[in-house]
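The block underneath contains the structure these notes are about, expressed in structure tokens.
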Amino acid sequence: MQENQSRFYFITMAALLVYAVFLQWAGQVNIDIDEQHSGMTGSMWSWVVDRHPPFAGFVGYLWGVATGFSTIAFFALSKLNALLALWVIYLLNLEFLKPRLALLGVAAYGATFPFVSMMTTLDNNSVLHALWPATVLFTWRGLSHGRWLDWGYAGILMGLCFLSKYHSLIFGACLLVACFLVFAVKRNWQWAKLGLACGLAVALFAPHVLSEYSHGFQTLEWAQSSADGVTNAGPDGRLSIPTFLASNALYNLFGTGLLLFLAWRHGWLKFTTPKTANDKSIWHFLLVMAALFPAFPVLLSAVFGISLKATWGFNAFFLLPTLVLWVGARASVDAFSEVTWRRFVTVVPAYLALMTTLVIANGFTNASRPLALQDTIHEVDRIWSINTDVPIELSVAMSETAVGMTFYSKFHPKLKLSGTDPERGTWLLNEERCYERGTVVLWGEGTDWRDRNGQQPAFDAEIEMPARWTNLTWTKPVYMYMQAFPDGICF
């Protein structure tokens, strides 16, 4: 019976995600700007990529190559990742809960805004959607069963987390604390196995760190510059804590929040002190990863005055429903007996219904029309190909729209995101800060810019693409000015 319930839930979610793929294709037309950045960074095949660690870029670019840079296939990738995340969280829940409660916990997480948001894109945040839970799963299995293979998987996954986003360093630190607590309770210090996991994680992360060092930590410089003046509450970062807490409470209101409300209303959160070593280890592990880890940014802000963005650790609450259910199950033998996963599964259909309405409205209003990006990039390719047989191998983005070159151009060039700044993107250039192959510079307005040597473009053009019906929506017009340097360029 329970197996049928689980199968029906995952079939339901899979069907909703398939619909979401076609809905996104109908109304969004182009992949998201963050996904364009991922494709751009992956095309460099570099451990230094200007904005974030490179793993999401590698995944996105390889998927693009494998699927012929299909927009709808890229929309499907984020949905596959979301479904994988649900399955991994379900397996993780089964380590602590009976199957019925494990399914209820994953349904509660699937009804949160972080899940709905992360199923729409695959970027440096959402690539962690399945990676974080999978790392926790194999770490717990290593702690529980002591298998070398589980610790090895945990280390590899942790390394990939580090290569996805720097926030994962907090995740890794909290997971290490959780391991120490379990070791202490069970009096079983698996130093060699923990060392294996840590060694693998560090080994995977090391090439990125060494590359950053050799290029003056350009990614960290970008992160610092992008954060300058960006705050939720003025110059004192600590004032952003209430906003951060309120935002995350709202993000998790419909899933985890509803579960907490039901637990409170029925009195299922009467905590009883764990007595056995196994219960104590579960309690300590879940408390750290389900409560301390999501709240850790607050501690950082309180101590160091860091201003918190509301999306920092966006999907960090994936274990909180598990903790609520575990405590509730200990308080009552029939805890949550009247609560089913169907109570939580309404959020995703409601979101999709709203998006469907928006797609229809886009044909008649300017609600959220996408840019005619693909038409513009294809026109750049056409003008370039008419004037030269040299392929475009580097695109210099002086317009945000130009980031789409890597995905939508037939040449799929590397992209110098930092534009004509000679201090940025140096790993793409030679020792003289020159690029010796075909380069296009794309601007959002006309310009008479010349390269460092005063070289004029071999040809240039104004590109104005009108709005038109694309798929099932109406696009916005785009203007772009291109300068062509088929023989290379110096900065």
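The values are calculated or read from the model by the stated rules, or taken from the named source; none is laboratory data. Since the structure is predicted, the reported quantities are computational estimates derived from the model, not experimental observations. Cβ atoms come from the backbone with ideal geometry, glycine included; neighbour counts cover every protein chain shown.
Which ones in the stretch 23-52 are free of Cβ contacts under 8 Å to residues at least 40 places away in the same chain and part of a loop (DSSP other than H, G, I, E, B)? Scanning the stretch 23-52 gives a single hit, TRP45.
If you go through the stretch 446-491 and pick out every residue that is over 18 Å from VAL403 (Cβ atoms), over 30 Å from the mean Cα position of the chain (by Cα) and of a type in the set (A, V, I, L, M), you end up with 5.
Being surrounded by 15 or more Cβ atoms within 10 Å (Cβ to Cβ), of a type in the set (A, V, I, L, M) and under 28 Å from ARG51 (Cα atoms) is true of MET482.
Taking the stated definitions as given, is THR135 polar (S, T, N, Q), surrounded by 24 or more Cβ atoms within 10 Å (Cβ to Cβ) and more than 28 Å from GLU35 (Cβ to Cβ)? Here the answer is no, as THR135 does not meet what is asked. Looking across the stretch 364-400, the residues that are surrounded by fewer than 22 Cβ atoms within 10 Å (Cβ to Cβ) and within 20 Å of GLY60 (Cα to Cα) come down to GLN374, GLU393, GLU400.
Residue by residue, here is whether (1) among the charged types (D, E, K, R); (2) touching a residue at least 40 places away in the same chain (Cβ under 8 Å); (3) out of contact with any Cys (no Cβ under 6 Å at 6 or more places or on another chain) holds:
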site	(1), (2), (3)
GLY328	no, yes, yes
VAL345	no, yes, yes
PRO349	no, yes, yes
LEU354	no, no, yes
THR365	no, no, yes
ALA372	no, yes, yes
ASP375	yes, yes, yes
ASP381	yes, no, yes
SER395	no, yes, yes
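Hey, among the residues in the stretch 428-469 that are crowded, with 17+ Cβ neighbours inside 10 Å and at pLDDT below 95, which one's farthest from PRO370 (Cα to Cα)? Among them, the one singled out is LEU429.
Within the stretch 7-56, track down each residue that is within 19 Å of THR470 (Cα to Cα), modelled with pLDDT of 90 or more, among the β-branched types (Val, Ile, Thr) and surrounded by fewer than 24 Cβ atoms within 10 Å (Cβ to Cβ). Selection gives VAL21, VAL29. Here LEU94 does not fit the description of being under 19 Å from the mean Cα position of the chain (by Cα), surrounded by fewer than 20 Cβ atoms within 10 Å (Cβ to Cβ) and in the same structural domain as TRP326 (by TED's automatic domain parsing). Residue pairs whose Cβ atoms lie under 8 Å apart, sitting 6 or more positions apart in sequence or on different chains, and linking a residue in the stretch 235-254 that is more than 9 Å from ALA310 (Cβ to Cβ) to a partner that is modelled with pLDDT of 85 or more and surrounded by fewer than 16 Cβ atoms within 10 Å (Cβ to Cβ), are ARG238/ALA302; ILE241/ALA302. Restricted to helices (runs of 4 or more DSSP H) entirely inside the stretch 174-261, those with at least 2 residues that are more than 28 Å from VAL324 (Cα to Cα), modelled with pLDDT of 95 or more and within 25 Å of the chain's Cα centre (by Cα) are 191-214.
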